[in-house]
Ligand SMILES: C[S@@+](CC[C@H](N)C(=O)[O-])C[C@H]1O[C@@H](n2cnc3c(N)ncnc32)[C@H](O)[C@@H]1O
């Protein structure tokens with residue numbers, strides 16, 4: 001792996017993801033988590049302080065060793081017990097039906113095979129479990145979506161694999177989940193990076 005991917009990308013990811021404007025979205029998602037939680041792509045651990053009493057324990061899965069290092073201190077200081085797991089969402093090393101809540105915050109954009117990751121999430125989630133998500137993705141405005149398609153090949157190379165144009169609701173509902181709540185929002189900032197999908201899904 002290149003030095004850029006190993007050292008620079010984790011730092012850039014942390015700086016981009018700690019923006020204050022993302023906090024209310026994080027609070028909403030994490031505030032709804034309960035029981036045994038699997039956080040997909042925990043990154044530098046920015047959600048760790050937000051887990052509350054309804055959570056029994058959290059497994060924070062993350063394939064980047066640089067980000068896992070950054071997450072460690074936040075996981076140790078968190079109010080809920082958090083175990084970090086060096087793994088990819090495409091092959092989750094957990095038993096089937098063992099998880100009550102899966103959390104994904106701005107991660108489905110980056111997982112190379114997101115459909116395979118969702119199949120794995122489906123496997124590990126218990127039948128009445130919940131997938132909670134906030135993601136950025138394909139904009140509702142056709143003009144912005146066209147720019148996302150144009151920029152995506154370059155952006156995904158410089159950003160460590162983040163895609164601008166994934167249609168998150170179709171991705172989730174096309175891979176075995178039923179979306180129960182979905183809200184879209186625009187963040188301030190570049191329109192190509194600013195269209196959000198926030199919601200909750202259960203097994204279809
Ligand atoms: C934009 S960052 C978001 C980080 C974190 N979820 C947050 O909210 O700050 C995307 C995350 O997806 C992770 N990721 C990339 N490929 C992955 C995979 N195959 N499985 C799980 N996570 C992955 C990255 O390492 C990174 O932590």
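The values are calculated or read from the model by the stated rules, or taken from the named source; none is laboratory data. In this text the structure is predicted, and so the values were computed from the model without any measurement. So basically every Cβ, Gly included, is an ideal-geometry build from the backbone, and we count neighbours across all protein chains shown.
Below is a table of values for the structure above.
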| quantity | calculated |
| --- | --- |
| Qualifying position, being modelled with pLDDT under 95, under 21 Å from residue 19 (Cα atoms) and within 15 Å of the ligand (Cβ to nearest atom), among 137, 189 | 189 |
| Which numbered condition residue 169 fails, given (1) surrounded by 15 or more Cβ atoms within 10 Å (Cβ to Cβ); (2) under 15 Å from the mean Cα position of the chain (by Cα); (3) within 13 Å of the ligand (Cβ to nearest atom); (4) within 23 Å of residue 21 (Cα to Cα) | (3) |
| Answer from 73, 78, 89 - the residue that is farther than 21 Å from residue 175 by Cβ, in contact with a strand residue (DSSP E or B) (Cβ under 8 Å, 6 or more places away or on another chain) and modelled with pLDDT of 95 or more | 78 |
| Selected residue (criterion: nearest to the ligand (Cβ to nearest atom)) from residues of segment 24-40 that are surrounded by fewer than 23 Cβ atoms within 10 Å (Cβ to Cβ) and more than 9 Å from residue 101 (Cβ to Cβ) | 26 |
| Residues satisfying the stated conditions in segment 92-115, i.e. within 8 Å of the ligand (Cβ to nearest atom) and either in contact with a strand residue (DSSP E or B) (Cβ under 8 Å, 6 or more places away or on another chain) or closer than 25 Å to residue 19 by Cα (or both) | 104, 105, 106, 107, 109, 110, 111, 112 |
| When residues of segment 148-196 are limited to those that are part of a helix (DSSP H, G or I) and touching a strand residue (DSSP E or B) at 6+ places or on another chain (Cβ under 7 Å), the one farthest from residue 7 (Cα to Cα) | 173 |
| Residue 63, sole failed condition from (1) within 11 Å of the ligand (Cβ to nearest atom); (2) assigned to a helix (DSSP H, G or I); (3) surrounded by fewer than 21 Cβ atoms within 10 Å (Cβ to Cβ) | (2) |
| Where residue 100 falls short, out of the listed (1) farther than 15 Å from residue 203 by Cβ; (2) surrounded by fewer than 21 Cβ atoms within 10 Å (Cβ to Cβ) | (1) |
| Residue satisfying all of: in segment 136-147; part of a loop (DSSP other than H, G, I, E, B) and within 19 Å of the chain's Cα centre (by Cα); nearest to residue 196 (Cα to Cα) among these | 137 |
| Number of the exception - residue 1 against (1) in a loop (DSSP other than H, G, I, E, B); (2) at pLDDT below 95; (3) more than 13 Å from the ligand (Cβ to nearest atom) | (3) |
